[in-house]
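A short write-up of the structure that comes next.
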Amino acid sequence: IQQAKTNMKKIILTIATCFALTFCAEAQTQRIATVNMRVVFDGYFKTKQADNEIKKRAAEFDVEGKKYQDEFKNLTEEYNATLARVDDPTITPEVKAQRKKEAEDKMMEIKKLETAVTQFERSARTALSEQQKRLRDNIMKDILDLIAKRAKSEKYNKVIDSGAESADRSPVLLYTDGEDDMTDDILKLLNASAPVEILKQMEETPVGVEIK
């Protein structure tokens, strides 16, 4: 029994050694590149175009929302004026009843408008959110497809996001010598066909930077 245990330990040790040697051999043959996805995403000209589209759409919603606000203000003023005329002591009961009905009708209009405003705001938020997601997904696909193509052509086994952070905001990639960083090359290829006016906009107001 003792001999069997000894033999089993030797077998386990041999297997563990083989695994360790195999892992080391694979690690030595692995080629790993890095790309800072935040830098690439923000620096891609299509991100700026998407940012422009979202801001334009948001401005259109703001104009429409302003119309609702003006209409609500006018209706409220009309309601208050009509309500004030109800208590006029010089009018007959018939006129008083008529004015009271007019005030009630105005209040109904206000309530309907409040419902319309709520629906509009919800619809606007949803539309902007869906557009942002669609544009972001398309941009990310461009970037990831190019990274994959470049990685395959350069025989890289893995590409790591050098700008990624963990849940506690500490960097995921703790060290890199930067020799196999593809950030600048990827960004240059992505922006090869960028319109001149967009590049100028990116220099003046980069994505994510609000100029007051």
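None of the figures in this text is laboratory data; all of them are computed from the coordinates on show. Here the structure is a predicted model, which is why all the values come from computation and not from measurement. Positions of Cβ are generated from backbone atoms using ideal geometry, with glycine treated the same way; all protein chains shown enter the neighbour counts.
Diagonalising the gyration tensor over the Cα atoms of the stretch 28-99 and scaling each eigenvalue by 5 before taking the square root yields semi-axes of 65, 12, 7 Å, largest first.
Residue by residue, the stretch 163-171 carries 3J(HN,Hα) couplings of x, 5, 10, 7, 4, 8, 6, 8, x Hz when phi is fed to the Karplus relation 6.51 cos²θ - 1.76 cosθ + 1.60 (θ = phi - 60°); x denotes Gly or Pro.
Taking amide H as placed 1.01 Å from N in the peptide plane, ILE160 has its amide H under 5 Å from the amide H of ALA33, THR34, VAL35, each at least 5 places away in sequence or on another chain.
Placing +1 on each Lys and Arg Cβ and -1 on each Asp and Glu Cβ, with no other charges, gives the stretch 30-181 a dipole about its Cα centre of roughly 480 debye.
Here the stretch 29-184 is treated as a Stokes sphere of Kirkwood radius computed over C-alpha pairs; at 25 °C and 0.890 mPa s its diffusion coefficient rounds to 117 µm²/s.
In terms of packing, defined here as the mean over residues of other Cβ atoms within 10 angstrom, the peptides 112-119, 89-96, 49-56 line up highest first as 49-56, 112-119, 89-96.
Across the stretch 48-138, the mean sequence separation of Cα contacts (distance under 8 Å, 6 or more residues apart), normalised by length, yields a relative contact order of 41 percent. Scattering from the stretch 129-196 was approximated by placing one identical point on each alpha carbon and applying the Debye formula without solvent; log10 I(q)/I(0) at 0.20, 0.23, 0.25 1/Å stands at -1.03, -1.15, -1.19.
Coupling constants for the stretch 140-145 follow from the phi torsions by the Karplus curve (6.51 cos²θ - 1.76 cosθ + 1.60, θ = phi - 60°), and in residue order they are 4, 5, 4, 5, 5, 5 Hz; glycine and proline get x.
Taken one residue at a time, the phi angles of the stretch 118-135 give Karplus couplings (6.51, -1.76, 1.60, θ = phi - 60°) of 4, 5, 4, 4, 5, 5, 5, 4, 5, 4, 5, 4, 5, 5, 4, 5, 4, 5 Hz. Gly and Pro are set to x.
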